[in-house]
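Peer 1: Please read through the structure below; I'll follow up with questions.
The values are calculated or read from the model by the stated rules, or taken from the named source; none is laboratory data. Here the structure is a predicted model, which means the values were calculated and not measured. As a convention, Cβ positions derive from the backbone with ideal geometry for all residues, glycine included, and neighbour counts pool all protein chains shown.
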Amino acid sequence: MQCKIPAIGIASSNIVHYATGYNFKYNNGMPIRYVSVPFPFTGQPRAVDVGYVTGKDMLTGQPLMTAVINALTSPLTAEEKISGAPPEEAVEPRFLSPDSEDNLRRLFDDKEWTDFNSIILPTEKRVTAMLKGTSHKPDEVIKTINITGGARQLTVEKVAINAVMAGASPEHFPVILALATQAPFGNSTSSMANMVVVSGPIRNRLKFNCGTNAMGPYNRSNAVVGRAFTLMSKTAGDLRNDVNAWETLGNTMQYNNMCYGENEEALPEGWDPLHVEMGFKPTDSVLTVGTGWSSIASVGASQSIYPTHFLMRDYMSSFCASGSAATIVMDPTVAGLLKDVHGFKTKAQLSEWFSQNVTKTNASYWGNGVIQSTAVPFALQGLEPYASWRKLPDDALIKPFTNPKAIHVVVAGGKVQTMWFVTDFGIRRGVLIDDWA
Amino acid sequence: MKPQFFAVFLLGTLMLMPAALSSRGSPKYPQQAASAKPAPGASASAKETVPFPQVPRITGEEVERLAKDKGNVVLVDTDDSEAYAAEHIKGAVNIAYDPTVDAREQDQSLSALPGDRLIVFYCNCPHEEDSAPMVLEMWELGYDHDKVKALKGGLTRWEQLHYPLAGTDVDTAQEKGN
């Protein structure tokens with residue numbers, strides 16, 4: 001909508017350089033002027049925020065309100081009058097010039113085309129071999145990825161390059177292509193992470209680890225597929241540190257993206273595999289990606305004095321419950337206990353129980369930044385239950401996991417310990433790997 | 001012979017998203033257009049295409065009836081916040097659809113919508129060009145296919161039916177009427 005009203009942006013000092021340094025004018029059709037305030041402003045006493053407003057603009061040093069008025073009223077500069085399509089960026093050749101291995105590795109690092117672990121250099125021969133792992137044509141576009149200032153087409157060949165770099169074999173390629181449909185991974189100041197779950201017959205064909213050390217660095221398929229997601233996300237998503245990747249802490253889970261297979265063979269009777277719960281056939285090979293922030297471990301064996309699902313419930317109450325999302329990863333022995341001792345005949349029953357029994361205080365729920373940005377607008381627009389929750393006292397207990405279908409259960413591990421993780425990962429619908437063979 | 005090394009990404013592939021992509025499909029569900037029945041009296045050449053035919057539509061009459069009977073319909077306006085503030089279906093919430101941004105960027109908001117009620121997305125566009133992609137994204141998030149639909153004809157059709165509206169434009173019109 002064009003209101004024809006002058007507008008400026010007020011950005012905090014931690015990210016204003018991103019706003020002023022990038023060619024946003026081509027995204028927005030007009031230049032945007034910024035003034036800047038110190039960071040953080042969220043979570044601060046009101047007096048501090050008032051001080052920011054009465055203080056100085058971090059960019060010009062002028063009093064903030066003077067800077068605001070100047071930005072709104074001063075004539076456009078010659079540069080700010082630029083309009084139309086942005087200039088094309090310099091074209092790089094499809095092939096790099098031959099060079100020494102050391103120099104090429106340095107080049108890849110300098111361009112942030114790696115995760116700064118060693119890569120397999122993507123020679124023409126290796127990429128051609130990787131492409132034999134699929135029937136899809138090299139120039140087929142898997143998806144168009146919006147990046148700052150434009151868009152990129154992620155093709156089968158480009159995924160093959162990343163697959164080679166990650167150390168994958170052509171047999172892994174269909175899995176990595178399915179994963180490419182979900183690239184890039186999340187890029188948020190809140191430092192998100194991802195989870196990649198492989199389901200169906202391909203787990204066994206490619207020897208994905210679903211048992212002991214399923215989430216540890218002990219298996220090639222888990223390692224290379226998980227890493228390929230990182231490399232694809234960085235290259236296709238154009239993610240560069242402190243330029244447009246600004247996760248304040250980052251997340252070490254992004255190195256491998258928690259890639260593992262479900263131990264479907266060890267599921268208790270009546271508990272369906274993750275992909276079957278999503279409507280796929282048991283014989284389908286499916287890749288599922290989740291996104292979240294946190295993981296809390298049981299830290300030790302289950303105890304008879306306090307049922308396992310009670311402890312899971314307690315730990316889950318510390319999650320923000322954004323989108324009702326949670327994913328519980330448990331050893332088959334825990335799944336067995338939950339079914340045989342506590343009577344959860346299906347995963348869905350357990351999810352429903354969590355939805356009904358995880359509680360947290362109203363103040364704690366609204367005290368989360370993601371909830372503030374997602375649920376508060378809904379509450380103000382009258383959507384239940386958020387509208388009613390906003391009127392409750394701070395110490396009132398609410399049930400924040402309102403949607404049991406967003407609470408997923410995955411069984412993995414080697415029956416070595418009655419151990420589990422509860423995570424706040426939200427899981428998207430799976431992708432059929434067989435489509436990419 | 002020295003091996004050739006691929007550059008990982010060719011910067012020359014950068015391009016702007018043209019404005020014409022305002023009804024771009026999600027990667028998993030490319031925008032498959034199907035011929036729609038022409039309106040009565042329209043010539044065959046006036047045939048229009050229906051974007052995202054796989055997305056189920058629901059009529060305004062049906063939404064109104066369900067809302068009155070059970071009150072368990074959530075309406076989601078996909079226009080930008082200014083347009084929403086000016087006029088929207090009474091009781092609707094706002095999650096703006098931006099075709100130039102990956103739909104997943106709205107996932108935190110979309111997944112906050114309740115899973116136990118019918119969710120109806122609508123836009124101010126003739127063939128659900130902006131609301132249908134949101135339905136697809138809801139499916140990706142795991143919502144039941146039969147619980148997320150697009151309002152056929154969108155806001156325009158709702159207005160034609162004289163069903164309840166809200167927003168600053170509506171308030172202004174009422175004040176003038178008074």
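Peer 1: Go through the range B:71-118 and report how many residues are within 13 Å of residue B:155 (Cβ to Cβ), part of a helix (DSSP H, G or I) and free of Cβ contacts under 8 Å to residues at least 60 places away in the same chain.
Peer 2: Residues flagged as within 13 Å of residue B:155 (Cβ to Cβ), part of a helix (DSSP H, G or I) and free of Cβ contacts under 8 Å to residues at least 60 places away in the same chain within the range B:71-118 amount to 1.
Peer 1: Within the range A:121-134, track down each residue that is out of contact with any Ser or Thr (no Cβ under 9 Å at 6 or more places or on another chain), within 11 Å of another protein chain (Cβ to nearest Cβ) and not charged (D, E, K, R).
Peer 2: A:121, A:122, A:123, A:127, A:128
Peer 1: Another question, then. Which numbered condition in (1) surrounded by fewer than 23 Cβ atoms within 10 Å (Cβ to Cβ); (2) in contact with a helix residue (DSSP H, G or I) (Cβ under 6 Å, 6 or more places away or on another chain); (3) β-branched (Val, Ile, Thr) is the only one that residue A:286 fails?
Peer 2: Going through (1) surrounded by fewer than 23 Cβ atoms within 10 Å (Cβ to Cβ); (2) in contact with a helix residue (DSSP H, G or I) (Cβ under 6 Å, 6 or more places away or on another chain); (3) β-branched (Val, Ile, Thr) one by one, residue A:286 breaks only (1).
Peer 1: Is it the case, given these coordinates, that residue A:216 is free of Cβ contacts under 8 Å to residues at least 60 places away in the same chain, small (Gly, Ala, Ser), part of a helix (DSSP H, G or I) and more than 11 Å from chain B (Cβ to nearest Cβ)?
Peer 2: Answer is no for this residue.
Peer 1: Take the residues in the range A:343-358 that are over 15 Å from residue A:422 (Cα atoms) and in a loop (DSSP other than H, G, I, E, B); name whichever of them is nearest to the chain's Cα centre (by Cα).
Peer 2: Here the answer is A:346.
Peer 1: Got at least one residue in the range A:149-159 being in contact (Cβ under 8 Å) with a residue 40 or more places away in the chain, at the interface with chain B (Cβ under 10 Å from one of its Cβ atoms) and crowded, with 24+ Cβ neighbours inside 10 Å?
Peer 2: Yes, there is a match, as at least one residue in the range A:149-159 is in contact (Cβ under 8 Å) with a residue 40 or more places away in the chain, at the interface with chain B (Cβ under 10 Å from one of its Cβ atoms) and crowded, with 24+ Cβ neighbours inside 10 Å.
Peer 1: Can I ask one more? Looking only at residues that are among the polar types (S, T, N, Q) and within 12 Å of chain A (Cβ to nearest Cβ) in the range B:109-145, which one is nearest to residue B:84 (Cα to Cα)?
Peer 2: B:124
Peer 1: Which of the residues that make up the range A:372-389 are within 22 Å of residue A:354 (Cα to Cα) and either at pLDDT 95 or above or assigned to a loop (DSSP other than H, G, I, E, B) (or both)?
Peer 2: Passing the criteria: A:384, A:385, A:386, A:388, A:389.
Per-residue answers, yes or no, for (1) within 14 Å of chain B (Cβ to nearest Cβ); (2) under 24 Å from residue A:176 (Cα atoms):
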{"residue": "A:232", "(1), (2)": "yes, yes"}
{"residue": "A:249", "(1), (2)": "no, no"}
{"residue": "A:255", "(1), (2)": "no, yes"}
{"residue": "A:261", "(1), (2)": "no, yes"}
{"residue": "A:284", "(1), (2)": "no, yes"}
{"residue": "A:301", "(1), (2)": "no, no"}
{"residue": "A:309", "(1), (2)": "no, no"}
{"residue": "A:324", "(1), (2)": "yes, no"}
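Peer 1: What number goes with the only condition from (1) without any contact (Cβ under 8 Å) to a residue 60 or more places away in the chain; (2) in contact with a helix residue (DSSP H, G or I) (Cβ under 9 Å, 6 or more places away or on another chain); (3) over 26 Å from residue A:255 (Cβ atoms) that residue A:135 does not pass?
Peer 2: Here residue A:135 clears every test but (1).
Peer 1: Looking at (1) in a loop (DSSP other than H, G, I, E, B); (2) in contact (Cβ under 8 Å) with a residue 60 or more places away in the chain; (3) under 29 Å from residue A:430 (Cα atoms), which one does residue B:135 not meet, given that it meets all the others?
Peer 2: Only one criterion is unmet by residue B:135, namely (1).
Peer 1: If you check residue A:360 against the conditions, is it touching an Asp or Glu at 6+ places or on another chain (Cβ under 9 Å) and buried (at least 20 other Cβ atoms within 10 Å of the Cβ)?
Peer 2: When the stated conditions are applied, residue A:360 does not pass them.
Peer 1: Shifting gears a bit: Considering the range A:360-391 alone, what residues qualify as being touching a Pro at 6+ places or on another chain (Cβ under 8 Å) and more than 9 Å from chain B (Cβ to nearest Cβ)?
Peer 2: Of everything in the range A:360-391, those that are touching a Pro at 6+ places or on another chain (Cβ under 8 Å) and more than 9 Å from chain B (Cβ to nearest Cβ) turn out to be A:360, A:362, A:365.
Peer 1: Residue A:86 is checked against (1) assigned to a loop (DSSP other than H, G, I, E, B); (2) at pLDDT 90 or above and fails just one. What number does that condition carry?
Peer 2: Just one mismatch for residue A:86, condition (2).
Peer 1: While we're here: List the residue pairs whose Cβ atoms are under 6 Å apart, where the first residue sits in the range A:413-433 and is in contact (Cβ under 8 Å) with a residue 60 or more places away in the chain and facing chain B (nearest Cβ under 10 Å), the second is buried (at least 24 other Cβ atoms within 10 Å of the Cβ) and of a type in the set (Phe, Trp, Tyr), and the two are 6 or more positions apart or on different chains.
Peer 2: From the range A:413-433, no pairs qualify.
Peer 1: Hey, another quick one. Considering only residues that are touching a Ser or Thr at 6+ places or on another chain (Cβ under 6 Å) and not small (Gly, Ala, Ser), which ones fall in the range B:95-113?
Peer 2: Passing the criteria: B:95, B:97, B:99, B:108.
Peer 1: Condition first: on the phi < 0 side of the Ramachandran plot, in contact (Cβ under 8 Å) with a residue 60 or more places away in the chain and surrounded by 24 or more Cβ atoms within 10 Å (Cβ to Cβ). Now tell me which residues in the range B:119-129 satisfy that.
Peer 2: If the condition is that a residue be on the phi < 0 side of the Ramachandran plot, in contact (Cβ under 8 Å) with a residue 60 or more places away in the chain and surrounded by 24 or more Cβ atoms within 10 Å (Cβ to Cβ), then B:120 is the only one that fits.
Peer 1: For the range A:375-389, which residues satisfy the criterion of being closer than 14 Å to residue B:111 by Cα and hydroxyl-bearing (Ser, Thr, Tyr)?
Peer 2: Of everything in the range A:375-389, just one residue is closer than 14 Å to residue B:111 by Cα and hydroxyl-bearing (Ser, Thr, Tyr), namely A:386.
Peer 1: Kindly evaluate residue B:170 against the criterion of being at the interface with another protein chain (Cβ under 10 Å from one of its Cβ atoms) and either touching a residue at least 40 places away in the same chain (Cβ under 8 Å) or not hydrophobic (A, V, I, L, M, F, W, C) (or both).
Peer 2: No; evaluated as a whole, the condition is false for this residue.
Peer 1: Another question, then. Kindly indicate whether any position in the range B:146-165 is in contact with a Leu (Cβ under 8 Å, 6 or more places away or on another chain), crowded, with 20+ Cβ neighbours inside 10 Å, closer than 21 Å to residue A:322 by Cα and within 12 Å of another protein chain (Cβ to nearest Cβ).
Peer 2: Checked the range B:146-165: no residue is in contact with a Leu (Cβ under 8 Å, 6 or more places away or on another chain), crowded, with 20+ Cβ neighbours inside 10 Å, closer than 21 Å to residue A:322 by Cα and within 12 Å of another protein chain (Cβ to nearest Cβ).
Peer 1: Mind counting the residues in the range A:124-148 that are buried (at least 18 other Cβ atoms within 10 Å of the Cβ) and at pLDDT 95 or above?
Peer 2: 8
Peer 1: Right, here's the next one. Here's a check for you: in the range B:89-108, which residue that is modelled with pLDDT of 90 or more and facing another protein chain (nearest Cβ under 10 Å) is surrounded by the most Cβ atoms within 10 Å (Cβ to Cβ)?
Peer 2: B:92
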